[in-house]
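Data block below; observations after.
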Amino acid sequence: MEQINEKAFLITAGVLVGLELASNVLHGLPLARELSPLIWTGMVRCLDLVLFFSLFRALSVPLSVAGLRKPIKGFLTGLGGSVVLGSGFFLFLYAARVLGGVDLRAYVNPGVRVRGIIPLAVLSLIGPFVEEIFFRGLCYRLIRAHGGVLLSVILSAILFGMSHLLSAGTLAVVFVPLVGGIIFALLYEYTGSLYAPFILHATANFILFSRII
């Protein structure tokens, strides 16, 4: 992987964290509460993207160091991973239900079914893209600059899982992001492209939030 500008990465990550904290405070205001949570989330995630690209340009940091490179390899690997892991996941749930009499869907479903193109786009495209930029493109790269693959994968996955604990509030919902964070980080390490984990992440979110399973 390319050498990173740690100062620029820390500044960018700090600004995005600050925006997230500020958005949580602002969403409690009367005017903001009139907006649906998904619309509010979509607005914040779009602002995340604007700030990320603007800061990287202002700080003269090439996007490739955050993994925005090798789009063809990344997309193809992500699609292949989606087919293989998705098929295995469905078979695992089916086997647990039919052979073991255990329905594990309650532990992987987010508890809500999302309808409509815009809400699904927010949760299945914009959200995963921003999360991959932050957790793999920034956090993973910062940790990887000072540690090995195993440490970087574990720590970035824990950060990813904990972020879902703060939003969902239940440990059951954190298990899937934690496992997903490990897979996404390994996929990023293998391909060097953020597009690979993004495609897999987007596919997983679409399956979960559309309640296909």
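Every number here is computed from the coordinates shown, using simple stated rules; none is lab data. Because the structure is predicted, anything quoted here is derived from the model rather than measured. Neighbour counts run over all protein chains shown; Cβ positions are idealised from the backbone, glycine included.
When the chain is modelled as a GNM with alpha-carbon springs shorter than 10 Å, which of LEU38, LEU19, LEU99 fluctuates the most?
Comparing LEU38, LEU19, LEU99 in the GNM, the peak value goes to LEU99.
Measuring from label point to label point, each 7 Å out along Cα→Cβ, what is the ALA145 to PHE75 span in nm?
According to this spin-label approximation, the distance is 3.0 nm.
Rounded if a/c is under 1.5, else prolate if a/b is larger than b/c, else oblate: which is segment 6-209, with a ≥ b ≥ c the root eigenvalues of its Cα gyration tensor?
Taking the square roots of the gyration eigenvalues as a ≥ b ≥ c, segment 6-209 is oblate.
For the chain, set up a GNM with springs between Cα atoms under 10 Å and report which of SER60, SER124, SER156 has the largest fluctuation.
SER60
For the pair SER60 and ARG97, what calculated FRET efficiency results from E = 1/(1 + (r/R0)^6), where r is the Cβ-Cβ distance and R0 = 41 Å, to the nearest 0.05?
The value I calculate is 0.15.
Which one, TYR188, TYR140, TYR94, has the greatest fluctuation when you compute a Gaussian network model over the chain with C-alpha springs under 10 angstrom?
Taking springs between Cα atoms under 10 Å, the residue moving most is TYR94.
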